[in-house]
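Since the structure comes first, as structure tokens, the remarks are kept for the end.
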Amino acid sequence: MEEFKEATISDPKFLERNNIEVYKSAPYGQVEKAMSRGKLNPILIRPILKKLRFVTPRMFETLLADTIPLIPSYFAQYLYEEGIERFVLSDDNPSEDILRILRDYENNRKIVKKIRENLKQKHSYESRLKQLLQFV
């Protein structure tokens, strides 16, 4: 969306120096596929959402993509399964957390895959519809 481009501008030279590739926004319905191109994907959510216990699709899309999530310390971790805490970035030294995750990358992929499968079962449209139908 044109109106949001300004909010997503970065320093291209910084990105290039750090071997960071930037792609165009993913089309609707292609977000998980696009995120799966990266080894790591941060979940960037405003801290107020934790306080409000407000859930957005972004909180699930990253876990459903074939990638490892990087979760800020303020994030709503109660949404996920046991094991997610290893992907939470500390406030003190998040870069060290990222290196730790990368050092054990294959094992971490397996853990995320297990969490992903549990999320698909518990938070699918079908399971939510069944919950809603209980009220009817």
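For segment 94-136, state which chymotrypsin sites (Phe, Trp or Tyr not before Pro) are in a DSSP loop and have at most 16 other beta carbons lying within 10 Å of their beta carbon.
Values: sites: 105, 125, 135; in loops: 135.
Within segment 94-136, the qualifying chymotrypsin sites (Phe, Trp or Tyr not before Pro) (loop, at most 16 other Cβ atoms within 10 Å) are 135.
Filter 24/50; 33/113; 110/130; 33/120; 33/110 down to the pairs with a C-alpha to C-alpha distance above 23 Å, please. Present the calculation step by step, with values, prior to reporting the outcome.
Details: 24/50 28 Å; 33/113 15 Å; 110/130 29 Å; 33/120 16 Å; 33/110 18 Å.
Those over the limit are 24/50; 110/130.
What does segment 53-106 give for Rg and for Dmax, in Å, if only its C-alpha atoms count?
My reading of the Cα-based Rg and Dmax gives 11.4, 33 Å.
Below 8 Å between Cα atoms, with a sequence gap of 6+, how large is the relative contact order for the chain in percent? Please list the in-between numbers first.
Values: 106 pairs, mean separation 25.2, N = 136.
In percent, rounded to a whole number, it is 19.
If you project the alpha carbons of the chain onto their three principal axes, what span does each projection cover, largest first, in Å?
56, 38, 29
Read-outs: derived from the displayed coordinates by stated rules, not from any lab. None of these values were measured; they are calculated from a predicted model. Heads up, the Cβs are rebuilt from the backbone with ideal geometry, glycines too, and the neighbour counts pull from every protein chain shown.
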